[in-house]
1. Each residue of the stretch 338-351 in turn: what ³J(HN,Hα) in whole Hz from Karplus with 6.51, -1.76, 1.60 and θ = phi - 60°, glycine and Pro shown as x?
2. Would you please name the trypsin sites (Lys or Arg not before Pro) within the stretch 313-388 that are DSSP coil residues with at most 15 other C-beta atoms within 10 Å of their C-beta?
3. Give a residue-ordered list of calculated ³J(HN,Hα) values for the stretch 432-448 (Karplus: 6.51 cos²θ - 1.76 cosθ + 1.60, θ = phi - 60°; whole Hz; x for Gly, Pro).
4. So what's the net charge close to Y101: Lys and Arg +1, Asp and Glu -1, counting the other residues with Cβ under 9 Å from its Cβ?
5. Using amide H atoms built 1.01 Å from N in the peptide plane, name the residues 5+ places from T182, or on other chains, whose amide H lies under 5 Å from its own.
6. Taking the convex hull of the Cα atoms, report for the stretch 290-331 its projected area averaged over all directions, in nm².
7. Are there chymotrypsin sites (Phe, Trp or Tyr not before Pro) in the stretch 271-336 that DSSP puts in a loop and that have at most 13 other Cβ atoms within 10 Å, and which ones?
8. Using only alpha carbon pairs under 8 Å that are at least six residues apart, calculate the relative contact order of the stretch 390-517 and give it in whole percent.
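The values are calculated or read from the model by the stated rules, or taken from the named source; none is laboratory data. None of the values given here were measured: they were computed from a predicted structure. Glycine also receives a Cβ, built like all others from the backbone with ideal geometry; neighbour counts cover every protein chain displayed. Ligands, DNA and RNA are stripped out before the accessible areas are found, and what is left, the full protein with its side chains, is counted by its heavy atoms. Shrake-Rupley method; radii C 1.70, N 1.55, O 1.52, S 1.80 Å.
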Amino acid sequence: MSTNQRVQRRLAAQSTAPMATNNGGFVVLLLLLCLVSSPRPARADVPFPVNVWPKPTYMSWAEPHMAVRVSSSFHVVGPSGNSYLLSAAQRYTALLLAERYRPLVTPAVNITTAGGRAPELPYLTLAVSDLHAPLQHGVDESYALEILPTGAATVTAATAWGAMRGLETFSQLAWWWGRERTLLVAAGVRVEDRPLYPHRGLMLDTGRTYFPVADILRTIDAMAANKMNVFHWHITDSQSFPLELPSQPALAEKGSYGEGMRYTVEDVKLIVDFAMSRGVRVVPEIDSPGHTASWAGAYPEIVSCAGKFWLPDALDWPSRLAAEPGAGQLNPLEPKTYQVVSNVINDVTSLFPDGLYHAGADEVTPGCWNADPSIQAYLARGGTLSQLLEKFIGAAHPLIVARNRTAVYWEDVLLDQAVNVTPSVIPPETTILQTWNNGANNTKLIVQAGYRAIVSSASFYYLDCGHGDFVGNNSVYDDPRSDYDSNGGSWCGPYKTWQRVYDYDITHGLTADEAKLVIGGEVAMWTEQVDAAVLDGRVWPRASAMAEALWSGNCDAATGRKRYAEATDRLTDWRHRMVGRGVRAEPIQPLWCRSRPGMCNLVR
């Protein structure tokens, strides 16, 4: 059975299973958001009997809190002009009736009655202004939701993608109650919602570890439930090249881990379509010229230092050939390099319709190029490594732009001290830079240079940190005190708790004008020590923490205080619901704490 067939069977089985599946001008300094009250009374900052994650921009629930029964024949009524929205309507209908979610703390609500009888909610109506707005960066994701005690509910949205966010919110306001298993939904509710940032993403590395398609789909499904909208797929790396490309089949044939660990054209189409039906964009990353040892199986002539031990002298870190095991970088002096790169860019942009193409360009290691005889001769003639990188980027960048894409690079291409390019090679009009080092400092350097920024600071958003290192034969552990009061052997340790993720303000230290260039952020799941067995727990619910911070902020709109204390119970509840939907998210507290509000706080 093919991967695609297996996934299709899984999807068919899930269709009735518990698991369901901006506007840049709206972005403002989070500091200002914390100090300015919302346009309506700050009811969203009051805990409700049942809550929504991420917390909406504005939500009111009339007191005394009420709920209405949901009809056993409940369905979603909406326009028929968008196939993705129709799919979402069917999916959420099935989810609502099948989820069987019971809150950890029984909600204290009154069930509405009229004339001595309890009315039922027969359907939810969708009203969408623009059914044909494409799913692209900056698309309007706003929506309004109203659920009346009389048994009427409406989601109003500018686009189909906003309507999907409204459907998710509606699904989280429903729960099962009582011994008779009555399905209830909050009533007397008004939600007006939109995201702070247009780019709210998760990066998953499938170059170091292959993940079956079904695991990728489950991850995207969970992203949509958290109102995240960008799946940054770091497809290839030095360890493997798992993507089958029509014009360059040898790259996957000789660069993947094996025949059963490749993504076919059909797999990619399935993943992209699955994500579209959930309002999630898929941004592909093919990292180059660094992190390309896996290309050497097919084209050894274009890869420098391939097959060599990555750290010739363990006592001389600057002499390394790579940042980690798996040495190999594309040689910009080899003409065939550009033939292969051009074909890769053309194929990938044909497979992935999104307007962004991530071209990597991080961790170009001087030692690797210095070890290549042809590059040694180039340097002897007066050339520099930065000029070499500039030659490569200067050739590849126009190829990306010619495919009507905006190029995304890791910050290194501009900020690396040893090997970098001049800004003229990567014009800000066609370039976005993604930060990962030095926290807010590098974000500021990027926006000061006029570039749009995606924030993925390793100090806050790297989900792999704190699990030690993966290199073997490491004598540091001969000393039993070697990791006392340290990062525990992880270069980016300690472990990033959900509170650390939640608390980070991605525009910290920026002026209002600089903050406008920050389009959002991404948590990053690098996978040297992660596979499908542990993926869910490493990602969730910590990615949920970022999802809320980038959707509605991380502080109380009325008081300006960070709301991580108030968020703890809500995240516990949300994690409980995610587990019920088939996502193996880690717990953040014992159940004892949730049943005794406030008793597990550090300070009363």
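1. 6, 5, 5, 4, 4, 5, 4, 4, 4, 5, 5, 5, 6, 7
2. Numbers: sites: R320, K336, R381; in loops: R320, R381.
In loop regions of the stretch 313-388 (DSSP not H, G, I, E or B), the sparsely surrounded trypsin sites (Lys or Arg not before Pro) are R381.
3. 10, 10, 10, 8, 8, 10, 6, x, 5, 4, 6, 4, 5, 4, 5, 6, 5
4. Values: positive: R100, R102, R577, R581; negative: E99.
With Lys, Arg at +1 and Asp, Glu at -1, the net is +3.
5. W177
6. Convex hull of Cα atoms, orientation-averaged projection: 2.6 nm².
7. Passing sites in the stretch 271-336 are F309.
8. About 21 percent, as a whole number.
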